[in-house]
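*Asks:* Take a look at the following structure, please.
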Amino acid sequence: MAEVRYARGESDERPWGRWEVVDTGEAFTVKRITVKPGQKLSLQLHHHREEHWVIVKGNPLVTVGDEARPMRPNEHVFIPLGAKHRIENPTDETVEFVEVQYGERLDENDIVRLEDSYGRG
């Protein structure tokens with residue numbers, strides 16, 4: 001049985017922007033994530049979840065593994081289990097994307113930060 005520790009409506013402000021849980025269920029969580037202009041999330045990986053991202057606003061640069069590529073609204077990317085990944089906003093417009101997490105354990109403790117601009121471990 002999957003362990004989902006997110007609740008609908010839960011949210012958090014981060015140095016790079018904000019996330020909000022839109023929905024949760026058995027083995028999945030859906031978040032709306034906003035990235036401020038000029039900011040980026042940590043280069044990270046997860047041991048217990050895969051992610052699907054759909055860009056809904058802005059033009060981010062998305063890294064999965066060793067490949068970085070610019071993306072536009074209505075484009076999507078899959079992040080496999082254990083793959084290093086990051087989204088960054090090199091523009092002066094807010095980036096927004098929908099993240100669907102799928103896995104056996106879904107919580108904020110499944111973030112392994114490899115690089116972080118804000119000094120978080």
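*Asks:* Kirkwood Rh over Cα pairs of the chain into Stokes-Einstein at 10 °C, 1.306 mPa s: D in µm²/s?
*Replies:* Using the Kirkwood radius from Cα pairs, D works out to 111 µm²/s.
*Asks:* With point charges of +1 on the Cβ of Lys and Arg and -1 on the Cβ of Asp and Glu, referenced to the Cα centre of the stretch 3-115, which listed residue (Pro80, Thr24, Phe97) lies farthest in the positive direction of the dipole?
*Replies:* My answer, from the dipole projection, is Phe97.
*Asks:* Looking only at trypsin sites (Lys or Arg not before Pro) in DSSP loops with at most 14 other Cβ atoms within 10 Å, what is the longest site-free stretch of the chain?
*Replies:* 9-119
*Asks:* Taking the Cα centre of the chain as origin, work out the dipole magnitude from +1 charges on Lys and Arg Cβ and -1 charges on Asp and Glu Cβ, in debye rounded to 20.
*Replies:* My answer is approximately 240 debye.
*Asks:* Given a Förster radius of 22 Å and the C-beta distance between Tyr118 and Ala68 as r, what FRET efficiency does 1/(1 + (r/R0)^6) yield to the nearest 0.05?
*Replies:* 0.65
Taken together, the values in this text are just the output of simple stated rules run on the coordinates, not laboratory data. These numbers were taken from a predicted model, which means no experiment stands behind them. Cβ coordinates were reconstructed from backbone atoms using ideal geometry, including for glycine residues, and neighbour counts include every protein chain displayed.
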